[in-house]
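Reviewing the structure listed below.
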Amino acid sequence: MMKECVFSGMRPTGRLHLGHLAGALSNWLKLQEEFECYYCIVDWHALMSEYMNSSAIKGYCKEILLDWLAVGLDPNKAVIFQQSHVCGHAELHLALSMIAPLGRLERNPIYKEQLENMADKDLQTYGFLGYPVLMAADILLYKATKVPVGEDQSIHLEIAKELARRFNSVFREVFPEPEMLLTPTPRVPGIDGRKMSKSYNNALFISEDLNDMWDKVRTMMTDPARMKRTDPGEPEKCPVWELHKVFTLDEDKRAELAHGCRTAGIGCIDCKKVLMDWIKVKLEPIQERRRYFETHGLEMMDILREGAKKASEVASKTMDEVKSAVGF
Ligand code: ADP
Ligand code: NA
């Protein structure tokens with residue numbers, strides 16, 4: 001039986017942090033064991049919002065690839081590649097744009113929200129409106145049926161389904177409808193308690209020096225009611241506790257910490273030290289692999305070249321079908 005196909009991507013617009021690690025990459029690691037996975041560094045997607053600062057994209061592509069390989073994404077188990085290396089993405093985007101209903105794109109709530117939230121950038125462009133069309137092309141090019149995305153992307157995935165359906169009915173049945181793979185992923189908080197994000201300046205990065213990371217963790221926000229060492233706290237109100245739930249794998253230790261917090265038996269620094277130890281357990285081997293790839297640039301280039309080759313084979317077959325369905 002043919003393996004089901006998974007597609008997912010990340011935009012090279014910043015360094016990857018512990019939110020990406022726990023919220024996406026750890027799931028991708030499991031998926032690569034089971035499915036035919038396409039993991040794509042979506043540089044065209046980055047250009048949609050970063051066109052005024054496009055020289056930074058190349059560096060972030062490299063950082064992302066380093067992080068992916070460091071955490072254990074494996075080119076022997078998944079196709080790892082860069083979007084702009086496979087011309088089918090742009091070509092299918094163009095084809096889908098011909099049948100993409102303008103009103104659907106203009107009314108997309110994510111689009112409206114991003115226009116407001118990223119007011120520092122001029123996103124009133126033709127390309128940015130088409131963000132979900134390009135995302136649909138990314139997925140459909142490989143006939144992916146499973147797409148692991150965060151809840152925030154569910155509208156985009158709905159649009160991808162609609163475009164698949166519309167193409168199939170206007171021309172001919174070519175695309176399966178992709179399904180969202182909503183795996184229960186934690187919302188990883190940053191050092192200020194908000195969702196960890198590159199745009200909030202609150203992130204702990206996968207590649208960050210662990211001493212620098214400890215400086216951030218040490219000063220991290222905790223339960224605001226715990227002003228003094230002798231005040232009892234509530235773990236449920238503390239972002240450090242949220243991180244413990246993700247990284248501190250020893251349940252007994254976690255129970256001990258929660259009890260210590262509620263009874264003021266331990267201080268916040270004691271609690272943070274334990275967290276940092278567990279983050280180290282997770283990150284040390286990752287950072288070691290990262291250092292290996294940092295000094296093996298040619299190997300990284302080979303991985304991308306091989307990935308693009310494998311992806312292109314599938315992509316060009318799909319594009320042949322697309323052109324024939326259209327009648328070219
Ligand atoms: P974009 O590339 O569109 O800017 P993000 O960098 O915000 O998207 O995140 C990419 C994916 O990583 C999200 O869809 C989500 O699954 C995961 N992710 C990012 N930040 C977090 C977080 N703080 N907690 C959990 N998951 C996260
Ligand atoms: Na695989």
| request: Take every Cα-Cα pair in the range 1-103 and report what % of them are more than 17 Å apart. | output: 57
| message | Can you tell me the orientation of helix 251-262 relative to the chain, as the angle in degrees between its alpha-carbon axis and the longest Cα principal axis, to the nearest 10? | response | 60
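Restricting to bridges with both residues inside the chain, how much of the DSSP beta-bridge set is antiparallel, in percent to the nearest 5?
Values: 2 of 16 bridges.
Bridges in the chain that DSSP calls antiparallel: roughly 10 percent.
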| request: Could you tally up the Lys pairs in the range 268-328 with alpha carbons closer than 21 Å? Skip any pair fewer than 8 positions apart unless they're on separate chains. | output: 6
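Where the convex hull is taken over the Cα atoms of the range 208-290, what is its projected area averaged over directions, in nm²?
Working: hull surface 20.6 nm².
Here the figure is 5.1 nm², rounded to one decimal.
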| So between residue 117 and residue 256, what do we pick up on full extension, going 0.36 nm a residue minus the alpha carbon distance? | 45.9 nm
| message | Once you keep just the Cα pairs under 8 angstrom separated by 6 or more residues, what percentage relative contact order results for the chain? | response | 22
| task | Return a whole-number percent for the relative contact order of the range 208-290, with Cα pairs under 8 Å and 6 or more residues apart as the contact set. | result | 31
| said: I want to verify the translational diffusion coefficient of the chain in µm²/s; compute it with Stokes-Einstein, Rh as the Kirkwood radius over Cα pairs, at 20 °C and 1.002 mPa s. | reply: 100
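Evaluate the charge dipole of the chain about its Cα centre and quote only its size in Debye, nearest 20, assuming +1 on the Cβ of each Lys and Arg and -1 on the Cβ of each Asp and Glu. Numbers along the way, then the final one.
Working: 43 positive and 48 negative charges, 49 e Å.
Taking the Cα centre of the chain as origin, the dipole is about 240 debye.
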| query | Taking Cα atoms, how many degrees apart are the long axis of helix 268-294 and the longest axis of the chain, rounded to 10 and kept between 0 and 90? | reply | 40
| Stretch residue 298-residue 263 to full length: gain in nm at 0.36 nm per residue minus the Cα-Cα span? | 7.1 nm
| field | Sequence of 105, 163 once ranked by neighbouring C-beta atoms within 10 Å, starting from the fewest | value | 105, 163
| request: Using θ = phi - 60° and the Karplus relation 6.51 cos²θ - 1.76 cosθ + 1.60, list the HN-Hα couplings for the range 145-162 in order, rounded to whole Hz, with x at every Gly or Pro. | output: 10, 10, 10, x, 9, x, 3, 4, 9, 5, 5, 4, 5, 4, 5, 4, 4, 4
| message | Compute the distance from the alpha-carbon center of the range 26-93 to that of the range 98-136, in whole Å. | response | 21
| query | What's the long-distance tail for the range 259-328, i.e. % of Cα pairs beyond 14 Å? | reply | 77
| Helix 131-140 versus the longest principal axis of the chain: what is the Cα-based angle in degrees, 0 to 90, to the nearest 10? | 80
| query | Near the amide H of residue 179, under 5 Å away, which other amide H atoms are found, from residues 5 or more places off or on another chain, if H is placed in the peptide plane? | reply | 146, 147
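Compare the peptides 34-44, 164-174, 144-154 by average per-residue count of other Cβ atoms within 10 angstrom and give them in order, highest first.
34-44, 144-154, 164-174
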| Distance from the range 247-262 to the range 205-219 (C-alpha centre basis), Å | 21
| said: Placing +1 on the Cβ of each Lys and Arg and -1 on the Cβ of each Asp and Glu in the chain, which of 199, 71, 230 has its Cα farthest towards the positive end of the resulting dipole? | reply: 230
| message | If I model a spin label as a point 7 Å beyond the Cα along the Cα-Cβ vector, how far apart are those points for residue 177 and residue 106 in nm? | response | 2.7
| In nanometres, what is the gap between the two model label sites at residue 225 and residue 291, each 7 Å from Cα along Cα-to-Cβ? | 4.4
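Readers should treat all values here as calculations from the given coordinates under stated rules, not as data from a laboratory. This structure is a prediction, so every number in the text was calculated from the model and none was measured. A quick note on method: Cβ atoms are made from the backbone with ideal geometry, for glycine too, and the neighbour counts reach across all protein chains shown.
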